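So the structure is just underneath, and the comments pick up after that.
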Amino acid sequence: MSYKKIILKPKKEESLLRFHPWVFSGAIQKIEGEPEEGELVEVYGTNGRFLGVGHYQIGGIAVRILSFEQQEITAGFWQERIRSAFTLRETLELVDTPTNNTYRLVHGEGDHLPGLIVDVYDSTAVMQAHSVGMHYSRKEIAQAIQEVAGDKIKNVYYKSEGTLPFKADLGNEDGYLIGGEEVDIAMENGLRFHVDWLKGQKTGFFVDQRDNRSLLEKYSAGRSVLNMFCYTGGFSFYAMRGGANEVHSVDSSSKAIHITKQNVELNFPGDERHQAYAEDAFKYLERMGENYDLIILDPPAFAKHKNVLRNALQGYRKLNAIAFSKIKPGGIIFTFSCSQVVSKENFRLAVFSAAAQSGRRVRILHQLTQPADHPVNIYHPEGEYLKGLVLYVE
Ligand code: SAH
């Protein structure tokens, strides 16, 4: 094994000694041997102490640590990590049960694989690399997924064009690494849906809302539901199963609305309680009436970087304020933020300001987060990104 070495500045080894898996470029004193972007490197403290081995990248996060032990990153390494991830999902009873075959198999740092996301839809795994190192390792990882999952996973689709750093210029690489047979219908909690991993957003579906959708189902009976930012309709078909009187799904993407309609048809053929609209959220919210008594607000990440945090918080405040002003008395709002840079406290503050603006009486019923197949590495609290509040509005 002869990985190139990165030496940290004095006192900069502390976070690594506490198993935080990132090395920031500002912490580096010396890089030996000019590693290429994506290459495996070893990280050492000033005193010569070994700290970890990981993928090197040019940017704010210079190294993503794969192992805090001095080891070679081999096919066996990928297998061990993927096996640990797979075993956890089996423990969570998400793998190939009669009612569920949709789950996140690898959640980056949460599964000790920083830079890698894998979502599974029935027999297809959709893999997304967020680092150049994971991009170079993609074939070995696909192999490991197949070895671990056996015949449960027949296809591995690689979808990283939107997530790799643009400057790395890695070209058009999206495509099947294994298999290629397209069964695009998956199941979550007994509900079926089409997933478009070829062209859809993220890996094709928002797997992280599974538990929150189940909770929504319990509140839906007899209600008039607005699913704002519906994407392919996840919350909508749970609301319908839960006995909602009517469900209106809204998203600015007409493609998403098209799939939403297909998904409702798949589960509730001919059911006239559902309507879908391709429209901008703010336009719809401004023109809608005051007849909803269950509103879901699940917008895209308003802030992707810390420097736009203020604007993002304004966005959440504005969005929620309209919902508070228009929801029927006794109504319930499910409101979310999936921006990693927006803390739980900041999000709550934005929603609090929106409530105050409306003057309504508001109580918090539930504080929601991401499900167990999106685990948070205890040494990497940044991994907690999904925040939600369920509010009762009088
Ligand atoms: N709730 C969804 C996931 C939402 S993702 C689920 O459970 O699957 C965010 C969605 O917001 C995307 O589908 C995106 O197309 C949509 N979107 C982004 N900007 C929008 C806008 N201004 N108005 C309406 N929808 C918007």
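Would you list which aspartates and glutamates come within 18 Å of K306, measuring only between C-alpha atoms, while excluding same-chain residues fewer than 8 positions from it?
Within the straight-line limit of under 18 Å, K306 reaches these aspartates and glutamates: E345, E382, E384.
Take peptides 141-149, 58-66 and line them up by average Cβ neighbours within 10 Å, highest first, as a rough protection proxy.
Descending packing order for the listed peptides: 141-149, 58-66.
Percent of Cα-Cα pairs more than 19 Å apart in the range 189-336, please.
Across the range 189-336, Cα pairs with separations above 19 Å total 51 percent.
Given a cut-off of 23 Å, name the pairs among K159/K304; K218/K283; K261/K344 whose C-alpha atoms lie farther apart than that in the structure shown.
Exceeds cut-off: K218/K283; K261/K344.
Where in the range 296-333 does the amide nitrogen come within less than 18 Å of the point 7 Å from the Cα of N245, taken along Cα to Cβ?
The answer is 296, 326-333, whose backbone nitrogens lie closer than 18 Å to the label point.
If R0 is 51 Å, what FRET efficiency do you get for I58 and E181 from their C-beta distance, rounded to 0.05?
0.85
Specify the inter-centroid distance of the range 40-62 and the range 223-278, based on alpha-carbon positions, in whole Å.
48 Å
K5: which lysines have alpha carbons under 27 Å from its alpha carbon, excluding same-chain residues fewer than 8 sequence positions away?
K30, K139, K167
Rg(Cα) of the chain divided by 2.2 N^0.38 Å?
It is 1.05.
On a C-alpha basis, how far is the centre of the range 175-198 from the centre of the range 1-27 in Å? Whole number, if you could?
About 39 Å separates the Cα centre of the range 175-198 from the one of the range 1-27.
I need the calculated FRET efficiency for the pair D271 and S343, taking r as the beta carbon distance and R₀ as 35 Å, to the nearest 0.05.
Between D271 and S343 the formula returns 0.30.
Applying a 10 Å radius around every beta-carbon, put 223-233, 241-251, 194-204 in order of their mean neighbour count, most first.
Those peptides, ordered most packed to least, come out 223-233, 241-251, 194-204.
Can you give the three extents of the C-alpha atoms in the range 259-312 along their principal axes, from longest to shortest, in whole Å?
Here the Cα extents, ordered largest to smallest, are 47, 26, 18 Å.
With labels modelled as points extended 7 Å from the Cα through the Cβ direction, what inter-label distance (nm, one decimal) is found for R310 paired with L92?
Taking the two extended label points, one gets 3.7 nm.
Throughout, read-outs are computed from the coordinates displayed, never taken from laboratory work. None of these values were measured; they are calculated from a predicted model. Here the Cβ is made from the backbone with ideal geometry for all residues, glycine too, and neighbour counts use every protein chain on show.
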